[in-house]
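Below is one structure; the comments refer to it alone.
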Amino acid sequence: MAVAYATPGVYVEQVDKGTKPIEAAGTSITAFLGITAEASIKSINDKGEEVHSSVLGRAMLVTNWTQYTNIFGGFVEGAYMPDAVYGYFNNGGGPCYVTSLRAITEMPKPKAKPAPRKPAGKADEAPAEGGDATAAEPEPSFGPLTAKEFIGDVSERTGINGLEAFSNISLLVCPDVFYGYDGSEEAKKRVKQVQTAMIAHCENMQYRFALLDTPPGLSAQDARDWRYYVNFDTSYAAMYYPWIEVADLSDSPQNSKFVPPSGHVVGIYNRTDAERGVHKAPANEVILGATNLEIDLTKGEQDTLNPIGVNCIRSFPGRGIRVWGARTLSSDGSWRYINVRRLFSQVGQSLDMGLQWVVFEPNDSNLWARVRRDIVAFLRVVWRSGALFGATPEQAFYVKCDEELNPHEIRDLGQLIIEVGMAPVKPAEFVILRLSQWAGADAEA
């Protein structure tokens, strides 16, 4: 702004012409949706009485397990989200949003419980073949959550769609889609509807990624059939199989139970992001808290599942239970790996936030130069972190923003087009050792 100077002297003007640093977007905040024991915030009123304010259906930010239990209570027999959140924090998970779609304390009276799958040799409390319905008093229960409850409504800030109101969520998990799952066609259809909504949400939000579970009790062939049944083709989701066995910390007399792996695995995503970066595939990592698998897969069985995007969890002698796959559900080879999709999502979101200052600036060569400079500075940091392949920045990425991309007709539309290309580092999924017999140096003489 021009200033009229009247008194002789020295005047300092601050001119904003420097680089505007672009900060890396977060990649680890997770959203959980499912069933909880409670759903209320407790406080003391003026009379010294404890008051409970319901948060049922509202996404609440929690940073540790203690904070979770203060709002949502402890473990729920038959439900999977409490175990998922517990496993998430146990595996290195950070802050997350938890939405209770139903709470045990909200139910008017007990009903028949679903029959969650239990480890072999353990008695099910629900009336089922081989189970003992009188082993303990049944907790209050209800039927499976409907697809409508999971999907929700953006205007009411409920369900999956309600998460559009939160810009910092990167990962999505819905383990209780299998609450009360009985393997019927209706149950399969319900799971497919919910998981389809999860994928659609992540694709629409652009920078989110969904972790999907397979149903319980599947053989390797069943898991293959399930993959073809849901028939997802997206780079914004990954599927994990089989279920994992964990300690049963609910009031159930069972010592252990099988749970969907997504909650524990998404904790590994957080742990890997913090220790290595989002460009490191979240695989070949031990699942802390897992004591066994629903089925021990062979290499041959994984050979049929890995190419179709089913990420297997394997048990290795002396090495523990590990995530042994890092593929998305995409048929496009460019987006085959989870870390590639998540790296591009992080860079895209970082540029989205870091270039907000550009809006309404004069669209000329000076602006193009400043934009190129800012993006190059950011991508140099990404390259130095090991996320991009190339011995030099020129080999690892390029940034184009010039008159060729922004001719007169584009500028007349009020648009600024920027082209960014990156060469991501991909995981060494197949390590091939070439061995041959060698007679030694003397034989060559």
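Every number in this text was worked out from the coordinates using simple rules, so none of it is lab data. Computed from a predicted model, the values in this text were never measured in an experiment. For neighbour counting, all protein chains shown are included, and Cβ atoms are generated from backbone atoms with ideal geometry for every residue, glycine included.
Tabulated results
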quantity: Contact order normalised by residue count of the chain, Cα under 8 Å, 6+ apart, percent; calculated: 15 percent
quantity: Per-residue Cβ neighbour rank within 10 angstrom, fewest leading, 322, 384; calculated: 384, 322
quantity: Extension reserve of the residue 319-residue 299 stretch, reckoned as 0.36 nm per residue once the Cα distance is removed; calculated: 5.6 nm
quantity: Theoretical gain in end-to-end length, residue 409 to residue 308 [0.36 nm per residue, Cα-Cα removed]; calculated: 31.9 nm
quantity: Cα lying deepest toward the dipole's positive end in the chain, options 282, 146, 239, charges on Cβ; calculated: 282
quantity: Ranked by how many other beta carbons lie within 10 Å on average, peptides 151-159, 262-270 from highest; calculated: 262-270, 151-159
quantity: Test item: Cα-centred dipole of the range 30-342, Lys/Arg +1 and Asp/Glu -1 on Cβ, debye; calculated: 940 debye
quantity: Residue order, fewest to most beta carbons within 10 Å, for 276, 319; calculated: 319, 276
quantity: Centre separation in Å (Cα based) which lies between the range 274-352 and the range 192-267; calculated: 13 Å
quantity: The range 219-331: relative contact order in percent, alpha carbon pairs under 8 Å with at least 6 residues between; calculated: 35 percent
quantity: Bridge type composition, the range 30-342 - antiparallel percent by DSSP, nearest 5; calculated: 55 percent
quantity: Rounded FRET efficiency, nearest 0.05, which uses the C-beta distance separating residue 435 from residue 155 and R0 of 56 Å; calculated: 0.35
quantity: Gain on full stretching of the segment that runs from residue 200 to residue 58 - 0.36 nm per residue minus C-alpha separation; calculated: 49.1 nm
quantity: Using a Förster distance of 45 Å, the FRET efficiency for residue 23-residue 185 (Cβ separation, nearest 0.05); calculated: 0.40
quantity: Two-site label geometry, residue 41 and residue 334: point separation in nm, points 7 Å out along Cα→Cβ; calculated: 4.5 nm
